[in-house]
Amino acid sequence: MIRILITGMSGTGKSTLVEELAARGYKAVDLDCDKYSQWINVDPNSVLTPERGRDWVWREDRVQELLSTEDTDILFVSGCAENMKLFHGQFDQVILLSTSPEIITRRLASRTNNSFGKSSVQLAQVLGLQKTIEPLLRKVAGYEIDTRADLGQVVAEVLSIAVKDATS
């Protein structure tokens, strides 16, 4: 089974991409939900968290169970959490989605699947994290896709990467 992690900052299109992959019949799971992630309390002085004094992390037991289940040829998961580094070795590919701060701002303002990023404080935090966390994500990603492109084009790029891995 090929396991592909799709990561990136809030507003880069992870959830939208996973929804589209699932609609096309692929096993695609958004880890940025209560089933697979949770808020934890952290040092309120940390500047590398989405909210002051709180961090959004993966529920390690549930993510491990998902990654261990051999029920598909290709598994796409999306998310971005501090503890995702514990799972990097289990992914065949890591794909970073990125886009401009202007598009992130627009997407967060208009998102309907959750309210994170709508407040000015959260938006400022996301844009700050784009400068600090995104470069770290870029170092572990095998591919980077600019999501200013049409969704169909982004899906085609992701599937091309998956097919390359499946045939090699």
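Annotations for the structure displayed:
- Selected residue (criterion: modelled with the lowest pLDDT) from residues of region 99-124 that are aliphatic (A, V, I, L, M) and buried (at least 16 other Cβ atoms within 10 Å of the Cβ): 123
- For residue 40, the conditions (1) surrounded by fewer than 17 Cβ atoms within 10 Å (Cβ to Cβ); (2) of a type in the set (A, V, I, L, M); (3) within 14 Å of the chain's Cα centre (by Cα) are fulfilled apart from (3).
- Reported count of residues in region 99-124, each being assigned to a helix (DSSP H, G or I), among the β-branched types (Val, Ile, Thr) and over 16 Å from residue 79 (Cα atoms), is 3.
- Residue list for region 147-168, filter: outside any helix (DSSP H, G or I) and surrounded by fewer than 16 Cβ atoms within 10 Å (Cβ to Cβ): 148, 149, 150, 168
- Failed condition for residue 127, given (1) modelled with pLDDT under 95; (2) under 15 Å from the mean Cα position of the chain (by Cα); (3) of a type in the set (A, V, I, L, M, F, W, C); (4) in a helix (DSSP H, G or I): (2)
- Selection within region 7-51 - aliphatic (A, V, I, L, M), without any contact (Cβ under 8 Å) to a residue 24 or more places away in the chain and in contact with a strand residue (DSSP E or B) (Cβ under 6 Å, 6 or more places away or on another chain): 22, 40, 42
- Meets criteria (more than 17 Å from residue 12 (Cβ to Cβ) and touching a residue at least 24 places away in the same chain (Cβ under 8 Å)) for residue 83: yes
- Filter result for residue 57 (surrounded by 13 or more Cβ atoms within 10 Å (Cβ to Cβ), of a type outside the set (Gly, Ala, Ser), farther than 24 Å from residue 148 by Cα and more than 17 Å from the chain's Cα centre (by Cα)): no
- The condition of being surrounded by 14 or more Cβ atoms within 10 Å (Cβ to Cβ) and at positive phi holds for only one of 25, 79, that being 79.
- Within region 1-22, considering residues that are in a loop (DSSP other than H, G, I, E, B) and touching a Ser or Thr at 6+ places or on another chain (Cβ under 9 Å), the one surrounded by the most Cβ atoms within 10 Å (Cβ to Cβ): 12
- Residues being of a type in the set (Ser, Thr, Tyr) and either more than 21 Å from residue 147 (Cα to Cα) or in a strand (DSSP E or B) (or both) - total across region 23-43: 2
- Residues (more than 24 Å from residue 158 (Cα to Cα) and either assigned to a helix (DSSP H, G or I) or modelled with pLDDT of 95 or more (or both)) located in region 44-98: 59, 60, 61, 62
The values are calculated or read from the model by the stated rules, or taken from the named source; none is laboratory data. All values reported here derive from a predicted model rather than from experimental measurement. Glycine gets a Cβ as well: all are built from the backbone with ideal geometry, and neighbour counts include every protein chain shown.
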